[in-house]
Amino acid sequence: MMRFLLRRSLTLLATVLAASAVIFAALDVLPGNIAQVLLGPDASQEAVQALAQQLGLDQPAWQRYTQWLGGLLRFDLGLSHAYGSPVGELILERLSLTLPLALMAMLFTTVLALGAGVYAASRQHRLGDVGVMGLSQLGIAFPNFWFAILLILLFSVHLRWFAAGGFDGWSEGLGAGLKALLLPALSLAVVQAAILARITRSAMLEVLREDFVRTARAKGRSLRSAMWTHALRNAMIPVVTVMGLQFANLVAGTVVIENVFYLPGLGRLIFQSIANRDLIVVRNGVMLLAVMVVAINFVVDLLYAVIDPRLQGRDSA
């Protein structure tokens with residue numbers, strides 16, 4: 001187990017380092033003078049040069065990259081040029097909305113997908129199976145922002161059960177905060193649940209053909225009991241793989257949904273910072289998303305070892 005953890009940890013560190021180099025290089029080659037954009041087209045050349053020096057733009061790229069990495073290690077993310085606030089404080093403030101939104105969407109995704117996938121597998125080639133697969137195909141075909149607009153039209157405009165957007169903060173109470181995130185989370189979950197339901201159905205059908213399931217049925221287990229207590233755990237490895245990727249997609253997908261619902265989360269912060277060419281916020285925000293994706297994949301690898309301990313031996317072989 002220790003060798004398994006060591007290899008995965010080294011892979012995580014190498015991936016994060018490679019991601020940091022790609023993110024820095026991609027933003028560093030963007031055309032335009034950031035200092036000129038911040039000061040406006042009418043600013044004098046002397047003022048532009050002074051601001052560029054203040055921002056460190058006169059230094060070589062490798063030096064700025066190493067300084068940025070050092071700041072990340074010290075949790076010193078610098079100062080936002082557009083907001084005039086520390087980047088770390090901005091990101092933490094926005095994460096207090098984005099992370100609950102992603103977790104809420106993942107909860108909806110898991111409940112909907114596992115229930116629908118197991119239900120469809122238990123009724124293979126029957127009406128229930130065809131209906132679930134048809135709905136899942138529609139869910140995959142519809143973009144989440146389009147579904148978000150439909151939810152706003154139905155529940156906000158016509159029924160008036162929810163606000164069309166905005167977030168008053170957690171200071172208004174947990175119930176009010178969760179209610180404000182309900183429609184955005186459902187918008188994010190629909191497409192991911194449709195994909196996961198199909199994966200769950202396929203994995204369950206493959207496991208249901210195994211001998212141990214037939215043995216459980218022969219001993220008097222009902223189909224429902226055999227599926228939930230025997231088949232589901234053995235079908236979870238491909239399902240957990242997709243769930244890990246989906247959670248990463250949900251976090252990244254908040255960029256669109258937060259703009260549809262006018263939510264002050266990390267996605268909207270990155271979007272606004274791109275428009276303002278506040279690259280220090282963009283760089284650190286995207287780096288945080290990359291680290292979260294890599295960390296989620298690391299957790300998925302650990303879940304593999306918990307679900308099927310044989311994978312530890314295969315990895316060290």
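The values are calculated or read from the model by the stated rules, or taken from the named source; none is laboratory data. What you see is a predicted model, and the numbers here were worked out from it, not measured in a lab. Heads up, the Cβs are rebuilt from the backbone with ideal geometry, glycines too, and the neighbour counts pull from every protein chain shown. Areas reflect the complete protein model, heavy atoms only, side chains present, ligands, DNA and RNA absent. Shrake-Rupley method; radii C 1.70, N 1.55, O 1.52, S 1.80 Å.
Look at the alpha carbon pairs under 8 Å that are at least 6 residues apart: their mean separation over the length of the range 78-186 gives a relative contact order of 23 percent. When Ser187, Ser122 are compared by accessible surface with a 1.4 Å probe, the order from highest to lowest is Ser122, Ser187.
The H on the amide N of Leu79, modeled in the peptide plane, is under 5 Å from the matching H of Val87, each at least 5 residues off or on a different chain.
If you plug the beta carbon distance of Thr215 and Gln137 into 1/(1 + (r/R0)^6) with R0 = 30 Å, you get a FRET efficiency near 0.30. The alpha carbon centroids of the range 97-144 and the range 228-289 are separated by 19 Å. Segment Leu13..Leu103, full-extension length gain: 30.0 nm, with 0.36 nm per residue of separation and the alpha-carbon distance subtracted. When the chymotrypsin sites (Phe, Trp or Tyr not before Pro) in the range 97-166 are filtered for DSSP coil states and for at most 11 other beta-carbon atoms within 10 Å of their beta-carbon, the remaining sites are Trp161. Annotation: Leu174 carries an accessible surface of approximately 120 Å², with a 1.4 Å probe and no ligand, DNA or RNA atoms counted. Pairs of Cα atoms nearer than 8 Å and 6+ residues apart set the relative contact order; for the range 124-189 it is 31 percent.
Converting phi to 3J(HN,Hα) with the Karplus coefficients 6.51, -1.76 and 1.60 and the offset θ = phi - 60°, the range 160-170 yields 6, 8, 10, 6, 6, x, x, 8, 7, x, 6 Hz in sequence order, with x at every glycine or proline. Among the protein heavy atoms, those of His158 account for about 140 Å² of accessible surface (1.4 Å probe, every chain in place). Efficiency by 1/(1 + (r/R0)^6): what FRET value for Ala50 and Val291, r their Cβ-Cβ distance, R0 = 45 Å, to the nearest 0.05? So the FRET efficiency works out to roughly 0.85. Taking every C-alpha pair closer than 8 Å and separated by at least 6 residues, the mean separation divided by the residue count of the range 172-299 gives a relative contact order of 23 percent.
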